[in-house]
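What follows is a single structure, written as structure tokens, with notes after it.
The values are calculated or read from the model by the stated rules, or taken from the named source; none is laboratory data. From a predicted model like this one, the values you see are computed outputs, not experimental measurements. FYI the Cβ positions are ideal-geometry reconstructions off the backbone, even for glycines, and counts take in every protein chain you see. These accessible areas exclude ligands, DNA and RNA; they are computed on the full protein's heavy atoms, side chains included. Shrake-Rupley method; radii C 1.70, N 1.55, O 1.52, S 1.80 Å.
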Amino acid sequence: MASQDPSLYIGIDMLANHRPFSYVALGADGRPVAMGQGRQGEVMAYLAGQRAARVGINGPLHPRGDTMTRDDVRRELVPAPAVGEWVDVRQCEYELSMRGLRATRTEANPADCPPWMRRGFGIVAFLDRLGYEPYPAEGSLQYAEVQADASFGSLLGRAPYEASTLEGRMQRQFILRQQGMPIHDPMDFLEEITPYKLLNGLLPMEQICTQYALNAWVAAYTVWLAHYKPRRVACLGAPEEGLLLLPLRED
């Protein structure tokens, strides 16, 4: 029974440069037991205190390897890339692109990667030292890559609005509601819009999550889904570059 599962399903987003990480921790019932923002040290301390946890990290786990330069790998991909093309991406990035989903490009040299990616590499190194293992290890402590924009696109069936816009945030929040996540209904926000509130800056913006919080939500949901409904999750990429979990729409 899910209620007997002691694990937490934790989503972490690091996209906001110079700002705290956003995180969401779900229990076995899919309801949040912790959520908010924390500095890197605080988040690491929280992860270190877990005895059973599956962590979804919104972003690459490692710099790009040489997977997409190997002929044996390329021949097995569907569709197989043309000769000389797609050699400067990770395998999971190629697979996302072939699904029509937005993919974050990762450089081979960590120094060439943006700061938020390097922070993610540091989190992975820290998790390795704590005894966390990369998906699909069956230990009590596990981590996996999630790409939030691709996840929302996969669940929606098309590219979502930009995450930085109000409509993009509302759309993502509604997608999570459709998946059964106990998150505030964004339609309530629309019902409270009046000319007076709009003119006086009194809109209830706290009802709409930030894009970073939404990224953490979908990362937590994805690792939860991978445990309880594995057929609704695709596993993309190569183990040496870090496997990526992608939530799928219900048929």
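Overview of values
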| read-out | value |
| --- | --- |
| FRET efficiency, residue 234 to residue 137 (Cβ-Cβ, R0 25 Å, nearest 0.05) | 0.90 |
| Cα centre as origin, Lys/Arg/Asp/Glu Cβ charges: region 51-114 dipole, Debye | 420 |
| With DNA, RNA and ligands ignored, accessible area of residue 101 (1.4 Å probe; Å², nearest 10) | 30 |
| Stokes-Einstein diffusion coefficient of region 84-185, Kirkwood radius over Cα pairs, 25 °C, 0.890 mPa s, in µm²/s | 154 |
| 1.4 Å probe accessible area per residue over region 1-155, in Å² | 47 |
| Sorted peptide list for 63-69, 217-223, criterion being average Cβ within 10 angstrom, highest first | 217-223, 63-69 |
| Directionally averaged shadow of the chain, computed from the convex hull of its alpha-carbon atoms, nm² | 15.0 |
| Within the chain: Cβ-based charge dipole about Cα centre, in debye rounded to nearest 20 (Lys, Arg +1; Asp, Glu -1) | 260 |
| Accessible carbon and sulfur surface of the chain relative to its total accessible area, %, 1.4 Å | 51 |
| Lys, Arg +1 and Asp, Glu -1 on Cβ, resulting dipole of region 1-137 about Cα centre, debye, nearest 20 | 380 |
| Span-rule helices in the chain, defined as complete DSSP H runs reaching 24 Å or more along the axis (Cα) with Kyte mean at least -0.5 | 211-228 |
| 37 °C / 0.692 mPa s Stokes-Einstein diffusion coefficient of region 21-162, Kirkwood radius on C-alpha pairs, µm²/s | 195 |
